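Notes follow once the structure below has been shown.
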Amino acid sequence: MKHLRIPLIALAVLGLAACHTKPTASVSPAVATVNGVPITQQFYDAYIKMISGGRTPSELTPQQRAMVLDGLIRAETVAQAATKQGLDKEPHTQAMLELTRLNVLEQALSDKYLASAQPTDAQLQSIYDQQLAKFPKLEYHARHILVKSQAEAEKIIHQLDQDHGRNFATLAKADSIDPSKANGGDLGWFPLSNMVPSFSDALAKLKVGQITQAPVHTRFGWHVIELLGTRPMQAPSFQEVKARLMQAVENKKFGEYTTSLVKTAKVETYLDPQTGELSKKATAGMPAIPAEPAAPAGAAAPAAGAPPSP
């Protein structure tokens, strides 16, 4: 690894979150302190692992380790400045910190749950075989002319009949309202599933070289379609899609697991889905939020530049 890029925005968020975590003697030794606030060895090691694909500090060069530490010091310093200005109390900032917490915990639970729920190759092969059976056998090469009215489309079909379709590209460039007009209406190769049903249905009935004899209506307008060719569609191999299948299965399993958690949780909602406003029970049922206690009489104000309270 020649370079180690440090995402400073991520560092700032992590540093700001760290300011709200009260350090304890049992955490881990500090690799640095910023205005008395420690950057722990545990946090330093975890951050290196996160940004370097699982590497440990010993696997980095001295320059890379120094760059990571400098980045964390900078992020902690910036976070302290933000806290000193009260930015950590702003609703948007608090919402972003809470969102970060939720994302991190969800990822941690996902990693733990899926560690013992990995699908086997046989299970993935079975899913692949099921999808392969549904895979399109053919792909089609077609071109079309798209116009706004049925009458326009009928006129174009009549013109094409007169010259046996030789001017299809010319008419597409002149009359079509589809971006494909620049290519003479050519849509390239595609499976029928890529098109809206009425277009696909009409195309599937054509033989190579044939043009639809009646305009085809879709939500885009009226089409005149010519089938230029067909060919077998090559499905990707199991090895080519194995990683995507694994991801899909894991997402499905974890989704089902989280759904079961929600079903067993005690959930109360206070938002009216129709109006988007809080219902009356929102204020009646929610506990009051106590005000922050006032500073004791005679308490000294913090000195300028002092570190924020942990």
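The values are calculated or read from the model by the stated rules, or taken from the named source; none is laboratory data. These numbers come from a predicted model, not from an experiment. Glycine also receives a Cβ, built like all others from the backbone with ideal geometry; neighbour counts cover every protein chain displayed.
Side notes on the structure shown:
- Some residue of the range 231-243 being of a type in the set (D, E, K, R) and closer than 30 Å to Glu106 by Cβ: yes
- Matching residues, the range 229-277, being without any contact (Cβ under 8 Å) to a residue 60 or more places away in the chain, of a type in the set (Asp, Glu) and out of contact with any strand residue (DSSP E or B) (no Cβ under 9 Å at 6 or more places or on another chain): Glu240, Glu256, Glu268
- Among the residues listed as Leu99, Leu72, the single one being in a helix (DSSP H, G or I), more than 30 Å from Glu240 (Cβ to Cβ) and in contact with a Leu (Cβ under 7 Å, 6 or more places away or on another chain): Leu72
- Within the set Ala288, Ala294, Ala204, Ala282, the sole residue that is modelled with pLDDT of 95 or more, more than 24 Å from Lys148 (Cβ to Cβ) and hydrophobic (A, V, I, L, M, F, W, C) turns out to be Ala204.
- Residue list for the range 174-218, restricted to those being among the charged types (D, E, K, R) and in contact with a Gly (Cβ under 6 Å, 6 or more places away or on another chain): none
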